[in-house]
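Have a look at the structure below before the remarks.
Throughout, read-outs are computed from the coordinates displayed, never taken from laboratory work. Just so it is clear, the structure is predicted and the values come from calculations on it, not from any experiment. So basically every Cβ, Gly included, is an ideal-geometry build from the backbone, and we count neighbours across all protein chains shown.
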Amino acid sequence: MSKLKYFTDYFKSLNFRLMLLFALFGIIPGILLCFGMLNSYEKRAISLRSSEISSHAKILGNQIISNDYLNQPDSSQINAQLEQLSTIYDGRIMIIDGRFRILKDTYKLDEHKTIISEEVIKSFYGEEITKYDKQNRYIELALPLYEPLRDETEEIQEVAGVMLVSVSTDGISLNEQYLRRNATVMVLAGVFAVLVLGILSALRLVHPFHKMAGKIEEIQAGYGEDELNVNDYTETAKICDTFNRLLGRMKVLDDSRQEFVSNVSHELKTPLTSMKVLADSINSMGDAPVELYKEFMADIGNEVERETKIINDLLSLVKMDKSAGDLNISNVNINELLEQILKRLQPIAKKQDIELVLESFRPVTAEVDEVKITIAITNLIENGIKYNKKDGWVHVSLNADHQYFYLKVEDSGIGIPEDSLEHIYERFYRVDKSHSREIGGTGLGLAITRSAILMHRGAVKVFSTEGEGTIFTVRIPLKYIL
Ligand code: ADP
């Protein structure tokens, strides 16, 4: 199984594909070129040999006619020339007269016999025939022998005989075989060279990627450099750059997670430490009055309440940190939702003489997770009440267009210093730690609010002037976007 995987991995590798490419572009054209050239050599050699024989034969044909050889075939001069031609070309020459009789056969096999073949008949009709029989390796030529005839008006020619020449092409075949053998050796050597070069070049080309994989493994194992730098190719440099940015982001995430864990431990420890101090001091008093016991127990009760609030906020935050798929989306009437929230917060506002006003510009229904959006809005309005002045006010307004609904929470409170504005959404961040603690803040409220809004693909913005007040604006899509 693992062997199979090794092979499939290898066939899928860049290394193998590069080799294949080298082979395709290096070997195949070489082979095609070689065989193409051999074939054209054969054609060219045959055509050259044919035209050479044809022109020799034509000269001899003219002499045959002028010496009236067809009627007197004993001319020693012509016979000698015919023998010479047949020797030169290693072939057989036959001279056929008008009655299809073989007057001369340089092989002396068929003299005085009659020959009626397709080529001879066609030649008597004036056709000049050249035929190459590849299998039996010979060229056959049939040439008409023209005799001039004197007419009263014009000079005409008549086919008086045919010259049949068959020449062996063994020489050409031998040459071709020799060339083919040489070419095969050369092609094999070429294939071997291309393969070796292909393997070496593919290994060389792929090397930076292996280097990169090795370095990533080192980084993952936690030793070596903590940055990836393989700049051999533009592509590897780009991958390294992206990888380093990802690594940076992961480090930031890891740092913030560590910071969050240490903050959580610290925040959870503070009420416990207070409780311990309260319990220890009352125990060390021995016979303390009942009123003192009651007072200390009330303080311990407050610390327990605070611990519970921190734990509840942390649980809300964890819920908000989950993926958007965990949203429980339904169609919610936002006007009614706001009225309910304000009704619930009215007593707290009244306690601090804060005027709480809701202004709805139009009826709004939106696809939201009711619980999460309620938590987010409650936190904003609650902050407006908590960080307010005596006889202050909190104005909440709701508006919408065809795409979003807009919520504005405006207060006449203490405001947020400019340099704190960019930190207020951080977990456990409080502008004034002791003041926030006093009024029961955990520093998690705005972090929860922001996560809930982002889960709905919305946005939240803050504008504030210290000593004058703060405005939070929220924008959430009416239709939930996946
Ligand atoms: P907390 O639980 O302390 O209120 P939040 O995350 O809700 O935590 O707010 C973070 C800090 O931002 C608060 O401690 C407070 O200093 C500041 N803040 C938030 N809302 C307001 C506001 N409306 N006016 C003034 N300060 C605010």
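Report the per residue volume, in Å³, of the convex hull enclosing the C-alpha atoms of the chain. Write down the numbers at each step before the final one.
Working: hull volume 173.3 nm³, N = 482.
Spelled out: Cα convex hull of the chain, divided by residues, is 359 Å³.
Once phi is turned into θ = phi - 60°, what whole-Hz ³J(HN,Hα) does the Karplus curve with 6.51, -1.76 and 1.60 give for every residue of region 233-239, x standing for Gly and Pro?
With the stated coefficients, region 233-239 comes to 10, 4, 5, 5, 4, 5, 4 Hz.
Sort 418-424, 406-412 by packing, meaning the average of other beta carbons within 10 Å per residue, with the highest value first.
406-412, 418-424
Mind checking the angle between helix 445-455 and the chain's longest principal axis? C-alpha axes, 0 to 90 degrees, to the nearest 10.
It is inclined by approximately 30 degrees.
With unit charges on the beta carbons (Lys and Arg positive, Asp and Glu negative) and the dipole taken about the Cα centre of region 399-482, which residue among Leu446, Ser420, Gly458 sits farthest to the positive side?
Working it through, the farthest residue towards the positive pole turns out to be Gly458.
Using the count of nearby Cβ atoms within 10 Å as a rough guide to exposure, how do Met212, Met37 rank from fewest to most?
Met37, Met212
Treating the angle as unsigned and between 0 and 90°, give the value, to the nearest 10°, between the Cα long axis of helix 290-321 and the longest Cα principal axis of the chain.
Orientation of helix 290-321: about 20 degrees from the principal axis.
Counting alpha carbon pairs within less than 8 Å and at least 6 residues apart, what relative contact order, in whole percent, applies to the chain?
So the answer I get is 9 percent.
What is the sum of charges around Leu247, taking Lys and Arg as +1, Asp and Glu as -1, for the other residues whose C-beta is under 13 Å from the C-beta of Leu247?
Its environment carries a net charge of -3.
For Ser201, project a label point 7 Å along Cα to C-beta. Then give me every residue of region 26-67 with its amide nitrogen under 15 Å of that point.
26-30
Report, to the nearest 10°, how far helix 334-351 tilts away from the longest principal axis of the Cα atoms in the chain, using its own Cα long axis and a range of 0 to 90°.
Between helix and principal axis, roughly 30 degrees.
Sorted by average packing, counted as other Cβ atoms within 10 angstrom per residue and highest first, what order do 285-298, 361-374 take?
Answer by packing, highest mean first, reads 361-374, 285-298.
Got a sec? Charge dipole of region 226-321, +1 on Cβ for Lys and Arg, -1 for Asp and Glu; which of Leu314, Ala298, Tyr233 is way out at the positive end?
The Cα lying farthest towards the positive end belongs to Tyr233.
Just add up the charged neighbours of Asn399: K/R +1, D/E -1, any other residue whose Cβ is under 12 Å from the Cβ of Asn399.
That sum, taken over residues with Cβ under 12 Å, equals +1.
Quick check: the distance between the Cα centres of region 427-453 and region 1-59, to the nearest angstrom?
Between the Cα centre of region 427-453 and that of region 1-59, the gap is 78 Å.
How big is the dipole moment of region 226-321 about its Cα centre under a simple scheme where the beta carbon of each Lys and Arg is +1, that of each Asp and Glu is -1, and everything else is neutral? Debye, nearest 20, please.
Working: 11 positive and 19 negative charges, 45 e Å.
So the dipole magnitude of region 226-321 works out to roughly 220 debye.
Just need the relative contact order of region 226-321 here, percent rounded to a whole number, with Cα pairs under 8 Å and 6+ apart.
Rounded, it is 22 percent for region 226-321.
If you wrap region 226-321's Cα atoms in a convex hull and average its projection over all directions, what's the area in nm²?
8.7
Fewest Cβ neighbours within 10 Å first, please rank Lys389, Lys479 accordingly.
Lys479, Lys389
Which lysines have a Cα less than 17 Å from the Cα of Lys113, not counting those fewer than 8 places away in the same chain?
Partners within reach: Lys104.
Please report the Cα spread of region 168-208 along all three principal axes, rounded to whole Å, starting with the longest.
So the three principal-axis extents are 62, 9, 5 Å.
From the cross-link list Lys372/Lys433; Lys389/Lys461; Lys251/Lys479; Lys276/Lys433; Lys12/Lys211, which pairs have alpha carbons spaced over 29 Å apart?
From the list (Lys372/Lys433; Lys389/Lys461; Lys251/Lys479; Lys276/Lys433; Lys12/Lys211), the Cα-Cα distance tops 29 Å for Lys251/Lys479.
Which peptide among 156-167, 247-258, 221-232, 80-91 comes first, and what is the full order, when sorted by highest mean count of other Cβ atoms within 10 Å?
156-167, 80-91, 221-232, 247-258
Where does the chain land at 222 nm, in deg cm²/dmol rounded to the nearest 500, when only DSSP H runs of n ≥ 4 count, each adding -39500 (n - 2.57), divided by all residues? The partial results should precede the final answer.
Values: 11 runs with 271 residues, N = 482.
When only DSSP H runs of four or more count, the value is -20000 deg cm²/dmol.
Mind listing the long-range amide H neighbours of Leu356? Cut-off is under 5 Å, sequence gap 5 or more, other chains count too, H placed in the peptide plane at 1.01 Å from N.
For Leu356, whose amide H was placed from the backbone, the distant partners under 5 Å are Val394.
At what distance in angstrom do the alpha carbon centres of region 60-134 and region 208-228 lie from each other?
87
Which of the aspartates and glutamates could a cross-linker span from Lys108 if the Cα-Cα distance has to be under 20 Å and same-chain partners fewer than 8 positions apart are dropped?
List returned: Asp74, Glu83, Asp90, Asp97, Glu140.
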